[in-house]
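Peer 1: Let me begin by handing over the structure; questions about it come next.
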Amino acid sequence: MTEKKKMKALDDDSLEAVAGGAEGVTLTGSGSFMSNTGTSLNIVVNWYAGIDMYGNHGLLINVSATSGNLVAGSLLNGVEVTVNGMSYAASNNPINYMGGGMTTNMLASFTVPNVYGNVSITAVWHFNGTYGGVPIGSIYASGMASV
């Protein structure tokens, strides 16, 4: 019997822990958006905005892949996010999922300090492979956050 992973909404305590976990950090907003490749392989971007006890605003961005069976290696700077024109890159976590059903795997996480207001976010995963017989280069997702 295969184990299936399910996505679930986080409660306020979990969100505050994700948004920094430091004492005095207040979660001020959160949201998500995703790509649309036309296949079952897409990226999901979850963002969490917070403000610390000193008035510093920050943004945590988690980029994950949703898919069925998928094997993908780690790639140096395989995931990039651009926040209001500033780019950040990280190596993606490798994925080795053969569970049969749909699942979500974390690719990379980014902490962006000193942002506030309406923020434009673009994420890209340089997949460079084939999924379900469809060649896919890079997978893009764009959205807005209110920090």
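The values are calculated or read from the model by the stated rules, or taken from the named source; none is laboratory data. Worth saying up front: this structure is predicted, and the values here are computed from it rather than measured. For the accessible areas, the whole protein counts, side chains as well, though only heavy atoms, and no ligand, DNA or RNA atoms are used. Shrake-Rupley method; radii C 1.70, N 1.55, O 1.52, S 1.80 Å.
Peer 1: How big is Rg to Rh over segment 68-137, alpha-carbon atoms, Rh as the Kirkwood inverse-mean-distance radius?
Peer 2: Expressed as Rg/Rh, it is 1.04.
Peer 1: What percentage of the solvent-accessible surface of segment 27-82, computed with a 1.4 Å probe over protein heavy atoms, is contributed by carbon and sulfur atoms?
Peer 2: After summing per-atom areas, the C and S share lands at 48 percent.
Peer 1: Please grab the % of Cα pairs in segment 28-147 that end up more than 26 Å from each other.
Peer 2: Of all Cα-Cα pairs in segment 28-147, 21 percent lie more than 26 Å apart.
Peer 1: Ignoring ligands and nucleic acids, what accessible area does ILE51 show with a 1.4 Å probe (Å², nearest 10)?
Peer 2: The accessible area of ILE51 comes to roughly 40 Å².
Peer 1: Report the Cα centroid-to-centroid distance between segment 131-147 and segment 39-70 in angstrom, as an integer.
Peer 2: When both Cα centres are located, 13 Å separates them.
Peer 1: How are the Cα pair distances of segment 98-147 distributed, in percent, across 10 Å bins from 0?
Peer 2: 17, 40, 29, 14, 1
Peer 1: OK, next. Measure off, as a whole percent, the carbon and sulfur share of the 1.4 Å-probe accessible area of segment 96-147, all protein chains present. Kindly include the intermediate steps, with their values, before the conclusion.
Peer 2: Working: 1420 of 2620 Å².
Within segment 96-147, the accessible surface is 54 percent carbon and sulfur.
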